[in-house]
1. Count, please, the residues in region 125-155 that happen to be more than 14 Å from the ligand (Cβ to nearest atom), modelled with pLDDT of 90 or more and over 16 Å from Ile12 (Cβ atoms).
2. Looking at region 178-212 only, could you name the residues that are surrounded by fewer than 19 Cβ atoms within 10 Å (Cβ to Cβ) and among the β-branched types (Val, Ile, Thr)?
3. Restricting to region 159-204, count the residues that are more than 15 Å from the ligand (Cβ to nearest atom), under 20 Å from Trp266 (Cβ atoms) and in contact with an Asp or Glu (Cβ under 8 Å, 6 or more places away or on another chain).
4. Does at least one position in region 211-220 carry a residue that is more than 13 Å from the ligand (Cβ to nearest atom) and part of a loop (DSSP other than H, G, I, E, B)?
5. Condition test on Ile227, is it part of a helix (DSSP H, G or I), without any contact (Cβ under 8 Å) to a residue 40 or more places away in the chain, under 19 Å from Gly270 (Cα atoms) and out of contact with any strand residue (DSSP E or B) (no Cβ under 7 Å at 6 or more places or on another chain)?
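The values are calculated or read from the model by the stated rules, or taken from the named source; none is laboratory data. Here the structure is a predicted model, which means the values were calculated and not measured. Here the Cβ positions follow ideal geometry from the backbone for every residue, glycine too, while neighbour counts run over all protein chains shown.
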Amino acid sequence: MRWRDKRRSSNIEDRRGRRGMRRSRPIGGGFILLIILGLFLLFGKNPLNLIGLGSNGSVPPTTIPSGSGGSARANDENADFVSVILGSTEDAWGDVFRKAGYQYEAPKLVLFNDYVQSACGMTSAATGPFYCPGDHKVYIDLGFFRELNHMGASGDFARAYVIAHEVGHHIQNLQGISMKIQNLQRQVSRTQANRLSTLTELQADCYAGIWIHNYEKQKDILERGDIEEGIRAAASIGDDRMQRQAGQRVNPDAFTHGSSADRTYWFKVGMKYGSLKKCDTFSQAR
Ligand SMILES: [Zn+2]
C-alpha cells in the first residue's frame, strides 16, 4: 500500500505502557529511577553526572521504560500505519454518509498492551482486536499483527483489512443494526443466535470492502497484490480455518465469524459495489 504520504487520524487514543492495566509490573526501570532520585536528593545534583552519563547536568533522569511486545520502533511504525488506515476509513465513510445525507461520526481507536478496560468490561489482548458498541471505540493490541503473520495473513493490506472490519462494526452500530441483532438473539435458539452473529460478521467484512472501494477512488492507495492480501486475511481468520488449526472438526453451528469462503465472498461484494444495500447479509444469506 502507498500509505506513508496519506493523512493521519487524530482519533487515536494511545494507552500503551499504562502500568495500571498490567498483570505483572516489571519493577526494573522504576526501581533504578528511584535509586537515581535518591542519589539526586543526597548529592543535590544530577547523579548521572557523577557516573559520567549526564549531559552537563541539565537533563533530569526521566527515561520511561518502554512497554512490552517487541521493539518500540516496530510498534511505532505499526501505530503510524494504523492512524493512516483509521484516517482512510474516516474519509471513505465520511463520503458515503454525506452522499446519503448524514454526517459521519467517526470512532476512536485505542492502542493498548495486554489488557484494556472499556464499556465492554476488562478485555485481554488474546481476544484479538474488537469494537465496543457501548463507547464507540475500536481496541487493538498491535501484537495481533504478529499473530496475523502466523495465521498466514501477512502484508500491510491484511492489517488494514482488520481495522476496516472493526470500523465496519461501528457502522453497524450507527445504523442500529448491532442493537437490533442483540435483541433478536435473546429471543431465538443458540444455533440461530450464532447464525445471526455470523451474518453480522460477514456484513462487517462487506463494509471493509466498501471502505476500500471508496477510499481507492479518492486516494489511490492500492498496489499490486494488496487485494489478494486482504482476501487471504479474510480467509485465514475464517472460523472453519481456525477450528481446523485448533485441531477441531469443522462445525458450522459454532461459526460466529463465518467460513473462509463466505468472508472472502462478502468482502468482494463490498469492494465491487461499494454499496450498503448490497451488504445486506441478513436477507441475502447464502
Ligand atoms: Zn468482527
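1. So the answer is 2.
2. The answer is Ile181, Val188, Thr191.
3. Going through region 159-204 one residue at a time, the tally reaches 1.
4. Yes, that holds for at least one residue.
5. Here the answer is no, as Ile227 does not meet what is asked.
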